[in-house]
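To start, the structure itself, in C-alpha cells.
The values are calculated or read from the model by the stated rules, or taken from the named source; none is laboratory data. Please read all numbers here as calculations on a predicted model, not as lab measurements. When we count neighbours, we look across all protein chains shown, and the Cβ atoms used for this are built from the backbone with ideal geometry, even at glycine. Accessible surface is based on the protein model in full, side chains and every heavy atom, while ligands, DNA and RNA are left aside. Shrake-Rupley method; radii C 1.70, N 1.55, O 1.52, S 1.80 Å.
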Amino acid sequence: MYHRVSCCSQYLLSVLLLSIGVTGMSPAVGNDDVRVRYRIETIAGNGKPGDTPAGESVARQVPVDLPFGVTYGPDGGLYITTVGSHRVLRLDPDSGLITPVAGTGKPGYSGDGGLATEARLNEPYEVRFDSQGDMIIIEMRNHVLRKVERASGRISTLAGDGVKGDRGDGGPAKRARFYNPHSIILDRDDHIYIADISNHRVRRIDARSGRMGTVAGNGIRGYPRDGQQATEQPLITPQGIAIYEDALWIASFQGQVVWRVDLKTGVITRIAGVGKKGYSGDGGDPLKATFDGPRGVMMAPSGMLYVVEGENNIIRAIDTRRGSIGTIAGSGPEHHLYAGDGVDALQAPLWQPHGVCIGPGGSLVISDTINHRVRKLVPVLSGK
C-alpha cells in the first residue's frame, strides 16, 4: 500500500533540526533565528534534448527534454513531465533511476483504454495525483486532461474533447473545451482546478458530479478589480495555480501578478505584483514587486508561496502571512546557461524554469527547462 507523499510537505519556521521540512529564503525574508540558503544540484537530465530511453536509466546520464511539471507521487517517486519528448517520467529518489510511465516519445493523441506507456501525448505540462493514487495529466496541445489508473496503468480522457474552444460549463467535463490548458491542482476533496490560459479562466471539475464550472475569469483578457466576484471579472493568462486555506492562488505569466480567490466568497484580490515587467521588490511588500513571467507556483502549508519566474530565470518565495518576498534561486534574467552544481542557488543560472514542488527534508525540486535538467535545492544552515 502506498504512503501518500505530498509536494506540500511541512517546512521549518524557525529551527531546521525539527525535520518537519524547511523553507529556504533570502536574507531579506528569513527569520531572526537562522538563515537558510539553498545549495543546488542536478538530479535528472544530462543537459541535452532528446527522448528518454524506455526502461530504467541513470537519471543524470540521459536526456530529459524540456522538463516542465514536477511533483512527488503517492509512491514517493518524483514525476516529471517533458514537453520536448511528450512523456511523463518517474525518478526513483533512492536509486537515481528514471523510467517513462506515460507517452511514447512522439506527439499525438491516442491510446485511451490501453497502457499509458503506449499512448501518445502532446505537450504534457503538469501531473498531479488524486486521493486514490490515480495520475492526472494535463496536455496543453491536445486541450485535454487524462487519467492513468494506479492499479492498471491504463489511460483515459478525463476532460476535454481534444478540440480547442471555450464551452462546457454546467455540463460533463468530457464534453468541455479548453484552449491551451496549462496547470492543474486538486483540493482535499479531489475537485480539479484547471488554468485555462487562452480562455483567461480558471475552471473546476466537480469530483462528485463530473461537471465543469468556472471559478475565476469571465473569458475576457484583462485585469480584475479587487474585491469583486472572480467569475464576473476578466483575467489575463492564468498559468500557475495553488490551493491553500480555502483559497485559490493564481499566477499570470503575462499580467505579471499573483491573485487570490476566496473559494467561500468568490472574491478576487491581488496579492503580489504591480502588473508591469521587471525584477524588483525583494525584501519588501509583494504588492510593490515586479515580475517577469511568473509560471509555476507551489504553496507550503505554512503559507509560503513559491513562484517560478520564467523570464527572470529565478525562483521567488512570498511569505503570504508576513507580506514579504525574496529570491531563493537563480542569478537573474541576464544569466541562464548551466554553470554547474554544488553552489549557492542564488549564484546558479536557470533558463526559463517552469515547475516547482516541495520535497522531503525541506528540499525544493525545480525544472530548469531549457537547460534540460531537473534540479534540487537543498537547504543549508548558515549563521547570521
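Here are the numbers for this structure:
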read-out	value
Candidates VAL88, VAL127, VAL83, filtered to the one that is touching an Asp or Glu at 6+ places or on another chain (Cβ under 6 Å) and closer than 17 Å to THR369 by Cα	VAL83
Residues (assigned to a strand (DSSP E or B), open to solvent by 10 Å² or more (accessible area, probe 1.4 Å) and under 13 Å from GLY50 (Cβ atoms)) located in the stretch 61-99	ARG87
Condition met for THR214 (closer than 23 Å to ARG146 by Cα, at pLDDT 95 or above and either assigned to a loop (DSSP other than H, G, I, E, B) or open to solvent by 10 Å² or more (accessible area, probe 1.4 Å) (or both))	yes
Any chance GLY50 is touching a strand residue (DSSP E or B) at 6+ places or on another chain (Cβ under 9 Å), assigned to a loop (DSSP other than H, G, I, E, B), free of Cβ contacts under 8 Å to residues at least 60 places away in the same chain and over 21 Å from THR157 (Cα atoms)	no
Residues satisfying the stated conditions in the stretch 175-189, i.e. surrounded by 14 or more Cβ atoms within 10 Å (Cβ to Cβ) and either among the aliphatic types (A, V, I, L, M) or farther than 14 Å from ILE136 by Cα (or both)	ALA176, ARG177, PHE178, TYR179, ASN180, ILE184, ILE185, LEU186
Among residues of the stretch 261-276, those that are within 15 Å of TYR193 (Cβ to Cβ), assigned to a strand (DSSP E or B) and touching a residue at least 24 places away in the same chain (Cβ under 8 Å), counted	2
Test for SER382: is it modelled with pLDDT under 95, open to solvent by 20 Å² or more (accessible area, probe 1.4 Å) and over 14 Å from the mean Cα position of the chain (by Cα)	yes
When residues of the stretch 132-176 are limited to those that are free of Cβ contacts under 8 Å to residues at least 40 places away in the same chain and in contact with a His (Cβ under 7 Å, 6 or more places away or on another chain), the one nearest to ILE194 (Cα to Cα)	GLY160
ILE136 outside any loop (DSSP other than H, G, I, E, B) and closer than 21 Å to SER367 by Cα	yes
Pairs where the first residue, in the stretch 89-100, is within 10 Å of TYR79 (Cα to Cα) and touching a residue at least 60 places away in the same chain (Cβ under 8 Å) and the second is open to solvent by less than 30 Å² (accessible area, probe 1.4 Å) and assigned to a loop (DSSP other than H, G, I, E, B), C-beta under 7 Å, 6+ apart	LEU91/GLY77
Exclusive hit being crowded, with 23+ Cβ neighbours inside 10 Å, touching a Phe, Trp or Tyr at 6+ places or on another chain (Cβ under 9 Å) and β-branched (Val, Ile, Thr), set VAL258, VAL308	VAL258
Top-ranked residue of the stretch 100-114 - restricted to ones that are in a strand (DSSP E or B) and touching a strand residue (DSSP E or B) at 6+ places or on another chain (Cβ under 6 Å), ranked as least open to solvent (accessible area, probe 1.4 Å)	ALA102
Residue among ALA207, ALA151 that is among the small types (Gly, Ala, Ser), more than 19 Å from ALA230 (Cβ to Cβ), part of a loop (DSSP other than H, G, I, E, B) and touching an Asp or Glu at 6+ places or on another chain (Cβ under 7 Å)	ALA207
Hits in the stretch 312-332 - residues which are buried (at least 18 other Cβ atoms within 10 Å of the Cβ), of a type outside the set (Ser, Thr, Tyr) and not in a strand (DSSP E or B)	ASN312, ASN313, GLY330
Residue list for the stretch 219-233, filter: crowded, with 17+ Cβ neighbours inside 10 Å and in contact with a Lys or Arg (Cβ under 9 Å, 6 or more places away or on another chain)	PRO224, THR231, GLN233
Test set (1) of a type in the set (D, E, K, R); (2) touching a helix residue (DSSP H, G or I) at 6+ places or on another chain (Cβ under 8 Å); (3) part of a loop (DSSP other than H, G, I, E, B) - ASP341 fails condition number	(2)
